[in-house]
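Only one structure is covered here, and it is reproduced in the block below.
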Amino acid sequence: MRRLLLFVFALSFTAVAQTPAQITLTMPDMPLHDPYIVANAADHTYYLYTSNQVAMSGTAGVGTMVYRSTDLQHWQKPVTVFTVPEGAFGNKGGWAPEVHQYRGRYYLLTTLHDDTKKLADPPAVPRPTYRRGTVLAVADSPMGPFQLLHPDTPVAPPDFMTLDGTLYVDRAGKPWMVYAHEWLQKTDGTMEAVPLADDLQHAAGDPVFLFKASDAPWLDASMKATIKPLNYVTDGPELFRSHDGHLLMLWSSYDNGSYVETVARSASGELQGPWQQLQPIVRQDSGHGMLFRTFSGKLMMVLHHPFKQARGRLFEMRDGGDHLEVVRERLDLDGAASSVLP
């Protein structure tokens with residue numbers, strides 16, 4: 001009888017202790033578009049940020065939610081860490097959230113848009129464009145709450161239609177925001193960078209052109225002769241300094257209608273380039289990747305697959321100096337039924 005009572009007590013304690021935030025999920029359960037992982041050493045926890053979805057977080061509104069894990073396999077139910085306030089630059093999107101630790105605080109970059117605010121298009125642009133850009137918010141914790149630095153304006157020029165801003169600090173310690181200038185406005189989408197003030201409060205200079213999507217020789221080779229006007233997409237930049245000092249950029253585009261993850265390399269080792277285009281590293285409608293290191297020091301990449309109804313995929317990576325290599329997909333962690341690799 002005593003054993004039975006102890007067993008019943010243990011069951012009841014587990015039921016009480018299992019709060020909604022502690023319910024564990026695996027990546028097949030988790031809607032993940034444009035995933036971004038922060039390995040936070042202070043609490044030995046991985047923070048996985050993505051656009052807020054009320055069905056997962058329970059919180060309505062455009063913004064950012066975060067999943068948390070200690071092993072990259074089991075994740076807590078997401079919590080909303082940022083909600084777009086009324087009157088902000090944009091009221092839709094909340095795309096591609098990234099969180100960077102900088103000078104003791106945590107900075108969120110995310111893309112907002114407002115399709116009721118039309119931009120003045122040059123005659124060569126065959127489609128309407130509207131307000132879209134990356135904004136910056138700040139918090140003292142990776143759990144937020146994040147507050148917009150400037151609610152009414154993006155970091156890049158507001159007449160540019162841009163997205164997917166990422167923070168990069170160069171070898172001189174100067175911060176930049178690197179972003180994609182939309183193919184919707186440019187037709188041949190570009191990667192650009194804008195210098196930031198040391199406190200990240202505002203842009204500190206004019207945007208700098210880095211490269212255009214069609215510089216990639218493999219990109220949409222079959223469509224060049226068949227589709228007009230040509231639409232070349234730049235998406236999801238992230239910078240990585242390799243072990244021997246090479247500067248690499250992860251970015252995504254489309255090849256024959258399928259999302260791909262690819263890499264560019266700066267010939268000078270500096271942000272201004274010139275940039276050389278390497279071959280894609282993951283295909284099969286997969287992209288918007290980013291790199292992080294596990295607490296044991298292993299280099300990893302997370303991206304989403306497929307583009308629609310996306311889920312996270314995790315890859316063990318090798319820093320090849322002047323290039324990046326995918327070692328294997330970690331199916332044991334991302335829980336996928338089969339790998340996207342050939």
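When you check Ala204 against the structure, is it surrounded by fewer than 21 Cβ atoms within 10 Å (Cβ to Cβ), at pLDDT 95 or above and in contact with a Pro (Cβ under 6 Å, 6 or more places away or on another chain), yes or no? Spell out the reasoning first.
Numbers: surrounded by fewer than 21 Cβ atoms within 10 Å (Cβ to Cβ): yes; at pLDDT 95 or above: yes; in contact with a Pro (Cβ under 6 Å, 6 or more places away or on another chain): yes.
It is true that Ala204 is surrounded by fewer than 21 Cβ atoms within 10 Å (Cβ to Cβ), at pLDDT 95 or above and in contact with a Pro (Cβ under 6 Å, 6 or more places away or on another chain).
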Might you check whether a residue that is within 16 Å of Ser141 (Cβ to Cβ), at pLDDT 95 or above and of a type outside the set (A, V, I, L, M) occurs anywhere in segment 110-120?
no
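Regarding Gly289, is this residue more than 27 Å from Arg68 (Cα to Cα), modelled with pLDDT of 95 or more and not acidic (Asp, Glu)? Write out each step before concluding.
Values: more than 27 Å from Arg68 (Cα to Cα): no; modelled with pLDDT of 95 or more: yes; not acidic (Asp, Glu): yes.
No, not satisfied.
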Tally time: how many residues in segment 241-266 are surrounded by 17 or more Cβ atoms within 10 Å (Cβ to Cβ) and under 20 Å from Gly287 (Cα atoms)?
16
Just to be sure I understand, how many residues within segment 149-172 are of a type in the set (Asp, Glu) and surrounded by 16 or more Cβ atoms within 10 Å (Cβ to Cβ)?
2
With a cut-off of at least 2 residues that are closer than 23 Å to Tyr46 by Cα and either touching a strand residue (DSSP E or B) at 6+ places or on another chain (Cβ under 6 Å) or of a type in the set (Asp, Glu) (or both), name the strands (runs of 3 or more DSSP E) lying wholly within segment 240-322.
247-255, 287-293, 299-305, 311-319
If you go through segment 173-191 one residue at a time, do you hit one that is of a type in the set (A, V, I, L, M, F, W, C) and surrounded by fewer than 16 Cβ atoms within 10 Å (Cβ to Cβ)?
no
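Residue-by-condition table, conditions (1) out of contact with any helix residue (DSSP H, G or I) (no Cβ under 9 Å at 6 or more places or on another chain); (2) under 25 Å from Asp334 (Cβ atoms); (3) free of Cβ contacts under 8 Å to residues at least 60 places away in the same chain; (4) not aliphatic (A, V, I, L, M):
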{"position": "Met27", "(1), (2), (3), (4)": "no, yes, no, no"}
{"position": "His33", "(1), (2), (3), (4)": "yes, yes, no, yes"}
{"position": "Val54", "(1), (2), (3), (4)": "yes, yes, yes, no"}
{"position": "Arg68", "(1), (2), (3), (4)": "no, yes, yes, yes"}
{"position": "Val81", "(1), (2), (3), (4)": "yes, yes, no, no"}
{"position": "Gly94", "(1), (2), (3), (4)": "yes, yes, yes, yes"}
{"position": "Val99", "(1), (2), (3), (4)": "yes, yes, no, no"}
{"position": "Tyr102", "(1), (2), (3), (4)": "yes, no, no, yes"}
{"position": "Thr111", "(1), (2), (3), (4)": "yes, yes, yes, yes"}
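Please note which strands (runs of 3 or more DSSP E) are completely contained in segment 125-214 and include at least 2 residues that are among the small types (Gly, Ala, Ser).
Counting at least 2 such residues, we get 130-139.
Quick grid of which residues meet (1) modelled with pLDDT of 90 or more; (2) within 17 Å of the chain's Cα centre (by Cα); (3) more than 17 Å from Trp275 (Cα to Cα):
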position	(1), (2), (3)
His181	yes, yes, no
Gln185	yes, no, yes
Glu192	yes, yes, no
Leu196	yes, no, yes
Leu210	yes, no, no
Asp215	yes, no, no
Ala225	no, no, yes
Asn231	no, no, yes
Ser242	yes, no, no
Would a scan of segment 267-275 turn up a residue that is without any contact (Cβ under 8 Å) to a residue 40 or more places away in the chain, more than 23 Å from Met177 (Cβ to Cβ) and exposed (fewer than 15 other Cβ atoms within 10 Å of the Cβ)?
no
Considering only segment 304-339, how many residues are within 20 Å of the chain's Cα centre (by Cα), surrounded by fewer than 18 Cβ atoms within 10 Å (Cβ to Cβ) and over 24 Å from Arg241 (Cβ atoms)?
4
List, please: which pairs have Cβ atoms under 7 Å, are six or more places apart or on different chains, and start with a residue in segment 161-183 that is under 30 Å from Lys118 (Cα atoms) and end with one that is part of a strand (DSSP E or B) and at pLDDT below 95?
Trp183/Tyr232
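Just the residues that are of a type in the set (D, E, K, R) and either modelled with pLDDT under 50 or on the phi > 0 side of the Ramachandran plot (or both), please, taken from segment 1-52.
Here is the first cut: in segment 1-52, the residues of a type in the set (D, E, K, R) are 2-3, 29, 34, 43.
Residues satisfying the conditions are Arg2, Arg3, Asp34.
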Val79, sole failed condition from (1) crowded, with 22+ Cβ neighbours inside 10 Å; (2) out of contact with any Lys or Arg (no Cβ under 7 Å at 6 or more places or on another chain); (3) among the hydrophobic types (A, V, I, L, M, F, W, C):
(1)
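The values are calculated or read from the model by the stated rules, or taken from the named source; none is laboratory data. Worth saying up front: this structure is predicted, and the values here are computed from it rather than measured. Neighbour counts are summed over all protein chains in view; Cβ atoms, including those assigned to glycine, are modelled from backbone coordinates with ideal geometry.
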